[in-house]
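Below is one structure; the comments refer to it alone.
The values are calculated or read from the model by the stated rules, or taken from the named source; none is laboratory data. In this text, all values refer to a predicted model and were calculated from it rather than measured experimentally. A quick note on method: Cβ atoms are made from the backbone with ideal geometry, for glycine too, and the neighbour counts reach across all protein chains shown. We work out accessible area using only protein heavy atoms, side chains counted, and drop any ligands, DNA or RNA first. Shrake-Rupley method; radii C 1.70, N 1.55, O 1.52, S 1.80 Å.
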Amino acid sequence: MPNVIPAALHRALLPLAHRLRHRWRQLARIPIAGVSVVLVNAEGAILLLRHSYGPAVWALPGGGLKRGEDPAECARREVQEELGITLDKVHAFATLEEELSGAPHTAHLFSATATAEPVPDGREILEARFFAPQALPDALGDTTRRRLAAWRERGGA
């Protein structure tokens, strides 16, 4: 889909949209689903990113699952949209039932290998960097910590 809103305006509106969506989910409690991708490079470093909205923490690539969308296809789409990386193979390693934004949430977790350097979209994603597994930044979100713990439990670094 073409970006019809200039990037600077898009970035300025995302925090407001995020707060409104968070509040709506708290009130409506409609079950939602999404994906997260643990993306590693050839050296085993983990890709983390910083969003232009929400808490100022490092997070995994991912996003919301569209109605009828296959979770693996969603993982590929989100990584392509956010970082410009095309993933040939993604490996499902867990599904978590949790509460996110005050609503029931199903998180489909995937792992993949990045064969290209990330290029943040400059709208939703401001920064993307690879970190050695033993040198992850302190500013990790709780959601990211849970997903990385599930990945490690299933044989990740």
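Return the pairs, sorted by first residue and then second, in which the second residue is surrounded by 17 or more Cβ atoms within 10 Å (Cβ to Cβ) and of a type in the set (Ser, Thr, Tyr), the first residue lies in segment 26-38 and is under 30 Å from Thr113 (Cα atoms), the beta carbons are less than 9 Å apart, and the residues are 6+ apart or on different chains. Close Cβ pairs (under 9 Å, with a partner that is surrounded by 17 or more Cβ atoms within 10 Å (Cβ to Cβ) and of a type in the set (Ser, Thr, Tyr)) amount to Ser36/Thr143; Ser36/Thr144; Val37/Ser111; Val38/Ser111.
Specify which of the listed residues (Pro71, Pro120) is touching a helix residue (DSSP H, G or I) at 6+ places or on another chain (Cβ under 8 Å) and under 29 Å from Ile5 (Cα atoms).
Going through Pro71, Pro120 in turn, just one is touching a helix residue (DSSP H, G or I) at 6+ places or on another chain (Cβ under 8 Å) and under 29 Å from Ile5 (Cα atoms): Pro120.
Checking the structure you have, find out if any residue of segment 45-59 is open to solvent by 50 Å² or more (accessible area, probe 1.4 Å), part of a strand (DSSP E or B), more than 21 Å from Gly156 (Cβ to Cβ) and touching a Pro at 6+ places or on another chain (Cβ under 8 Å). No, segment 45-59 contains no residue that is open to solvent by 50 Å² or more (accessible area, probe 1.4 Å), part of a strand (DSSP E or B), more than 21 Å from Gly156 (Cβ to Cβ) and touching a Pro at 6+ places or on another chain (Cβ under 8 Å). Filtering segment 72-87 to residues that are under 20 Å from Ile46 (Cβ atoms) and either open to solvent by 40 Å² or more (accessible area, probe 1.4 Å) or in contact with a His (Cβ under 7 Å, 6 or more places away or on another chain) (or both) leaves Arg76, Gln80, Glu81, Gly84, Thr86. Among the residues in segment 88-103, are any part of a loop (DSSP other than H, G, I, E, B), touching a residue at least 40 places away in the same chain (Cβ under 8 Å), touching a strand residue (DSSP E or B) at 6+ places or on another chain (Cβ under 7 Å) and surrounded by 17 or more Cβ atoms within 10 Å (Cβ to Cβ)? Checked segment 88-103: at least one residue is part of a loop (DSSP other than H, G, I, E, B), touching a residue at least 40 places away in the same chain (Cβ under 8 Å), touching a strand residue (DSSP E or B) at 6+ places or on another chain (Cβ under 7 Å) and surrounded by 17 or more Cβ atoms within 10 Å (Cβ to Cβ). Among the residues of segment 63-76, those that are of a type in the set (D, E, K, R) and either touching a strand residue (DSSP E or B) at 6+ places or on another chain (Cβ under 8 Å) or part of a loop (DSSP other than H, G, I, E, B) (or both) comprise Lys66, Arg67, Glu69, Asp70.
If you go through segment 104-157 and keep only what is hydroxyl-bearing (Ser, Thr, Tyr) and either assigned to a loop (DSSP other than H, G, I, E, B) or touching a Lys or Arg at 6+ places or on another chain (Cβ under 7 Å) (or both), you end up with just Thr115. Sort out which residues of segment 63-87 are within 19 Å of Thr143 (Cα to Cα) and either of a type in the set (Lys, Arg) or touching a residue at least 40 places away in the same chain (Cβ under 8 Å) (or both), and write them in order of number. Selection gives Leu65, Cys74, Ala75, Glu78, Val79, Glu82. Among the candidates Ala103, Ala114, Ala75, Ala107, the residue that is farther than 17 Å from Ala59 by Cβ and of a type outside the set (Phe, Trp, Tyr) is uniquely Ala103.
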